[in-house]
Amino acid sequence: MEKIASFQVDHTVLQKGMYISRVDGDVVTYDIRTRRPNVEEVMDNASIHTVEHLFATFVRNSEHKDNVIYFGPMGCRTGFYFLVRDAVSHEQAIKLTQDAFAFIAAYEGEIPGVSAVECGNFRDHSLAGALEEAKKFLPFIVDWTVEKLNY
């Protein structure tokens, strides 16, 4: 089998930030890396799960909602994938990511979609952990530019 694109990225030099992982037709996959792989401790599942709920809710309520395809965690727990249609420019995707993490860092209230009816693992959430993750990542993404999107 061919080696997939994400396995061709040198994870020994990968830094925190936001990168273009791949482009498939009109879909752009961004690698939002919140940890240095194999260097820093990975995120815990409850925090990841809550970041996912908050980020996805935020972007799917934004002006770009019709072009948001997916936001979810990487299996290695060092970041997330964010997929949008190319109608969302790279600048807009960066801004949307910055705004989403700022929203999470300041979030108060009930976590969206946390019930047995709405979520497949509704008991495994941590709002405090999600807030901490967002606050730690914001300094790395706040000044991100299109020029930094390449691995």
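The values are calculated or read from the model by the stated rules, or taken from the named source; none is laboratory data. Just so it is clear, the structure is predicted and the values come from calculations on it, not from any experiment. A quick note on method: Cβ atoms are made from the backbone with ideal geometry, for glycine too, and the neighbour counts reach across all protein chains shown.
The sole residue among S47, S21, S62 that is over 23 Å from F103 (Cα atoms) and either in contact with a helix residue (DSSP H, G or I) (Cβ under 8 Å, 6 or more places away or on another chain) or assigned to a strand (DSSP E or B) (or both) is S21. Applying the criterion of being over 24 Å from K135 (Cα atoms) and basic (K, R) to the residues of segment 1-47, the residue that is modelled with the highest pLDDT is R22. Only one of the listed residues (F55, F101, F82, F71) is of a type in the set (F, W, Y), crowded, with 20+ Cβ neighbours inside 10 Å and more than 18 Å from L127 (Cα to Cα). That residue is F82. Going by what's in this entry, would H64 be described as of a type outside the set (S, T, N, Q) and touching a residue at least 40 places away in the same chain (Cβ under 8 Å)? So H64 fails the test. Which of the residues that make up segment 104-151 are of a type outside the set (A, V, I, L, M), loosely packed, with under 13 Cβ neighbours inside 10 Å and part of a loop (DSSP other than H, G, I, E, B)? Scanning segment 104-151 gives E108, G109, E110, S115, E118, G120, N121, R123, D143, T145, N150.
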